[in-house]
Amino acid sequence: MTKEQERSLKMAKVICKALDEKKGLEIITLDISEISPLADYFIIASATNDSQLTAMEDEVFEKTREAGFHGKTAEGKVSGGWIVLDYGDVVVHLFKEEQRSFYDIERIWQDAKALNLLED
């Protein structure tokens, strides 16, 4: 594993832990490094309401900053039920439950390897 790959994996683990701390639901990491040049990992998590979605976004920003990682962009709105945080090699999709079912990113990226980084 290259230094860049190790950095991406460490960042993904920090993000998953932050989401777990805010009770994110169905946190999954998709390793897309072998099938797309977009990123190494997509992380997907659900929230039950707007407040939780905001708390998850804030926690990811805080924990990644503390670990020395900085996001490039954030898109979406809590009121729309979907927020995307772009960290370059790691892209985080935060959804309210209804929007996650509608967009079904896991199906779109079904060729990606699904990881549970909370077990490590």
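Read-outs: derived from the displayed coordinates by stated rules, not from any lab. A quick note: this is a predicted structure, and the numbers were derived from the prediction, not measured. Note that we place each Cβ from the backbone using ideal geometry, even for glycine, and neighbour counts take in every protein chain shown.
Test of understanding: in a Gaussian network model of the chain with alpha carbons linked when under 10 Å, which of D40, D104, D89 would top the mean-square fluctuation ranking?
D104
Quick check: pseudo-label points 7 Å beyond the Cα along Cα→Cβ at N49 and E62, how many nm apart are they?
1.9 nm
Rank G76, G68, G88 by mean-square fluctuation in a GNM of the chain with C-alpha springs under 10 angstrom and give only the top-ranked residue.
Residue with maximal mean-square fluctuation among G76, G68, G88: G68.
List the GluC sites (Glu not before Pro) within the range 84-120 that DSSP assigns to loop and that have no more than 15 neighbouring Cβ atoms inside 10 Å.
Of the GluC sites (Glu not before Pro), the ones in loops of the range 84-120 whose Cβ has at most 15 other Cβ atoms within 10 Å are E119.
Taking 7 Å along the Cα-to-C-beta vector as the label spot, tell me the E4-I108 distance in nanometres, rounded to one decimal.
2.4 nm
Which GluC sites (Glu not before Pro) in the range 1-76 pass both tests, a DSSP loop state and at most 11 other beta-carbon atoms within 10 Å?
Sparse-neighbourhood loop GluC sites (Glu not before Pro): E34.
With runs of 4+ DSSP H residues as the only contributors, calculate the mean residue ellipticity of the chain at 222 nm using -39,500 (n - 2.57) per run, divided by the residue total and rounded to the nearest 500.
On the way: 4 runs with 47 residues, N = 120.
The helix-only estimate for the chain comes to -12000 deg cm²/dmol at 222 nm.
From the list [x] 26, 17, 12; [y] 20, 17, 13; [z] 23, 19, 12, can you say which value of semi-axes √(5λ) of the Cα gyration tensor in Å was derived from the structure given?
Identified label for the calculated read-out: [y].
Full extension from K72 to D20: what is 0.36 nm times the residue separation minus their Cα-Cα distance, to one decimal in nm?
Difference between extended and current length: 16.5 nm.
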